[in-house]
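Contents: one structure, followed by commentary.
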Amino acid sequence: MAILTSLPEAVAELVGDGDAVALEGFTHLIPFAAGHEIVRQGRRDLELIRMTPDLLYDQMIGVGCARKLVFSYGGNPGVGSLHRFRDAIENDWPAPLEIEEHSHAGMANRYVAGAARLPMAVMRGYAGTDLARVGGTRVATVTCPFTGAELAAVPALNPDVAIVHAQEADREGNVQLWGIPGVQKEAVLAADRALVTVERIVDELEPRPGAVVIPGWAIDAVAAAPGGSRPSYSLGITGRDNDFYVEWDRLSRDREAFAAWMATNVTGAAVNG
């Protein structure tokens with residue numbers, strides 16, 4: 001069963017240099033607090049995995065945590081580009097960044113295959129796109145032995161560590177999240193190790209329509225992190241800081257402004273570049 005622990009202790013125990021780390025959450029429940037703790041603990045050479053890299057991965061790339069990014073869309077939602085991501089690709093700052101780009105469907109199917117402990121996922125997709133030829137994408141064509149149909153095959157995703165944020169967990173380590181669903185449960189089941197940060201610890205989970213429950217036996221550690229998804233939101237508990245997403249576009253364009261913000265708000269030390 002999952003242990004209840006502090007966020008610094010959980011990151012120190014579960015995340016190591018060179019790990020493949022998936023921090024998932026779609027639109028809301030983005031695990032910013034956990035990502036910031038990884039930054040503070042100075043992890044390096046990470047393979048960062050996420051269906052929709054946004055501000056959190058922009059920050060982690062910008063301080064030099066990442067060696068590789070596996071993703072299906074990267075941007076500041078509703079605003080524009082991720083400038084630290086762009087700087088890493090265009091100028092190798094603060095370090096070169098390898099990328100592997102997939103479609104949303106490809107990434108989701110890769111997580112599902114990983115959760116099922118299958119070697120690959122087979123799907124209809126990628127036809128008519130250049131993804132198979134650019135961005136380090138691993139995709140192959142297979143023939144269905146039953147129908148003869150030509151299908152796309154993508155390798156399963158099995159991160160070393162999956163980290164997600166949720167609204168609540170009980171004292172046995174069972175987690176419940178609700179709102180817009182992402183691939184949180186698939187990422188947790190696909191990973192070798194799993195950490196969930198939550199807004200609150202409760203004595204008993206109260207069933208909610210449409211909620212996803214991740215059982216404690218699938219999780220290594222649960223850490224209370226109130227407000228842990230800000231500036232995104234946790235439906236029903238915290239709100240989205242829309243102004244910050246707009247402000248990030250301004251300050252992240254400049255390396256010095258970015259470094260100063262990270263030093264003040266996350267790391268407590270300047271970014272080397």
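The values are calculated or read from the model by the stated rules, or taken from the named source; none is laboratory data. Being a predicted model, the structure only gives us computed values, none of them experimental. Here Cβ is always computed from backbone atoms with ideal geometry, including for glycine, and neighbour counts include all displayed protein chains.
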(message) With the requirement that a residue be in contact with a Phe, Trp or Tyr (Cβ under 7 Å, 6 or more places away or on another chain) and β-branched (Val, Ile, Thr), what does the stretch 216-243 give you?
(response) none
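Just for the stretch 120-151: of the residues that are more than 24 Å from the chain's Cα centre (by Cα) and within 24 Å of Glu47 (Cα to Cα), which one is modelled with the lowest pLDDT?
Initially, the stretch 120-151 is screened for residues more than 24 Å from the chain's Cα centre (by Cα), giving 124, 127-130, 133, 140-151.
Checking which are within 24 Å of Glu47 (Cα to Cα) leaves us with 130, 133, 140.
Working: Asp130: 81, Arg133: 77, Ala140: 92.
Restricting to residues being more than 24 Å from the chain's Cα centre (by Cα) and within 24 Å of Glu47 (Cα to Cα), the top hit is Arg133.
Here are some residues: Arg208, Arg240, Arg250. Which one is touching a residue at least 60 places away in the same chain (Cβ under 8 Å) and of a type in the set (D, E, K, R)? So that I can check it myself, show each step before the final result.
Working: Arg208 fails: touching a residue at least 60 places away in the same chain (Cβ under 8 Å); Arg250 fails: touching a residue at least 60 places away in the same chain (Cβ under 8 Å).
Only one candidate passes the filter, namely Arg240.
Taking the condition of being of a type outside the set (Gly, Ala, Ser) and not in a strand (DSSP E or B), how many residues in the stretch 1-11 meet it?
Quick first cut of the stretch 1-11, residues of a type outside the set (Gly, Ala, Ser) only: 1, 3-5, 7-9, 11.
Subset that is not in a strand (DSSP E or B): 1, 7-9, 11.
Here the count works out to 5.
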(request) For the stretch 240-265, name all the residues that are assigned to a helix (DSSP H, G or I) and either crowded, with 18+ Cβ neighbours inside 10 Å or at positive phi (or both). (result) Tyr245, Trp248, Phe258, Ala259, Trp261, Met262
(request) Sort out which residues of the stretch 159-179 are under 15 Å from the mean Cα position of the chain (by Cα) and either without any contact (Cβ under 8 Å) to a residue 60 or more places away in the chain or farther than 24 Å from Ala121 by Cα (or both), and write them in order of number. (result) His165, Ala166
(request) Only residues that are touching a residue at least 40 places away in the same chain (Cβ under 8 Å) and not in a loop (DSSP other than H, G, I, E, B): list them for the stretch 100-129, please. (result) His104, Gly106, Met107, Ala108, Asn109, Arg110, Tyr111, Val112, Ala113, Gly114, Ala115
(request) Could you please find all residues in the stretch 53-86 being polar (S, T, N, Q), in contact with a strand residue (DSSP E or B) (Cβ under 8 Å, 6 or more places away or on another chain) and at pLDDT 95 or above? (result) none
